[in-house]
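Input: a single structure, listed below in structure tokens.
The values are calculated or read from the model by the stated rules, or taken from the named source; none is laboratory data. Only a predicted model underlies this, so the values are computations on that prediction, with no experimental measurement involved. With ideal geometry, Cβ positions are generated from the backbone for all residues, glycine too; neighbour counts draw on all protein chains shown. Keep in mind that these areas ignore ligands, DNA and RNA; they rest on the heavy atoms of the full protein, side chains included. Shrake-Rupley method; radii C 1.70, N 1.55, O 1.52, S 1.80 Å.
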Amino acid sequence: MGEMVSFPSNGGTSEGYLALPKEGSGPAVIVIQEWWGLVPHIVTLADRFADAGFVALAPDLYHGVQTTEPDEAQRLMMGLAMEQAARDIAGAADYLSQRPETAGGIGVVGFCMGGSLALWSAMVSDKISTAVGFYPALPWERMAPQWGSYAGKTAMIHCSEEDGTSAAPGIRTAQSAIEAAGGTCVVYDYPGTKHAFVNDDRPEVFNAHATSSAWARTVELLRRPR
């Protein structure tokens, strides 16, 4: 069980859910929400990363707002101020780098909207060395990505078949740009999956087999020395 914490965000303050590993220390990971907000599913994922030995922080990018309604979630996603999101994510990375429990590098993992934001995060903070995006959903144009920042960094993308798998233009753009910058990027397809297949709060899309495989690959990547 973790707790809500506050951390500096470019002259302001942001909040997030922090979960610490039982071992007392470990590598750090920023967990970025879906378009619903910082809902219980994301909190549970942060706890799960802590159970796996990570110092996990899920920043609240909607600053206290969350929803279960798709129309409202889309409105919140489209209204997300990218500059503020960048400040919050960079602030989360700075905060984790200063936590005494953090031992190792800082990675980031995101889902749906957060999948795109996770891949983008490696461009907004030099403290983030590894990014994992699950079924990224935001168009890159909204983020004005500086792919050159990926030199020496690593990305992993998990795709759902419903989204067009790795053949989707946005996925191809990300992979080729990261590799051209001198970074590494690996893409995995999960046949038979629907968007948000990791979300076990939504039985209509949850896929236990794909989730298990994607989780193992993600944890293994984030544990590598950085």
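Overview of values
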read-out	value
Residue list for the range 131-157, restricted to those being of a type in the set (Phe, Trp, Tyr), outside any strand (DSSP E or B) and crowded, with 24+ Cβ neighbours inside 10 Å	Tyr135, Tyr150
Residue pairs meeting the criteria (Cβ under 6 Å; at least 6 apart or on separate chains; first closer than 14 Å to Gly133 by Cα, in the range 184-210; second of a type in the set (A, V, I, L, M) and part of a loop (DSSP other than H, G, I, E, B))	Ala196/Val205; Phe197/Val205
Test: residue in the range 102-123 that is in a strand (DSSP E or B) and without any contact (Cβ under 8 Å) to a residue 40 or more places away in the chain	no
Of residues in the range 158-191 being in contact with a helix residue (DSSP H, G or I) (Cβ under 6 Å, 6 or more places away or on another chain) and in a loop (DSSP other than H, G, I, E, B), the one surrounded by the most Cβ atoms within 10 Å (Cβ to Cβ)	Gly183
Which numbered condition Leu117 misses (of (1) over 15 Å from Ser6 (Cα atoms); (2) in contact with a Pro (Cβ under 6 Å, 6 or more places away or on another chain))	(2)
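For every residue, the table says whether it meets (1) open to solvent by less than 10 Å² (accessible area, probe 1.4 Å); (2) outside any strand (DSSP E or B); (3) not acidic (Asp, Glu).
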residue	(1), (2), (3)
Glu15	no, no, no
Ile42	yes, yes, yes
Gln74	no, yes, yes
Gly91	yes, yes, yes
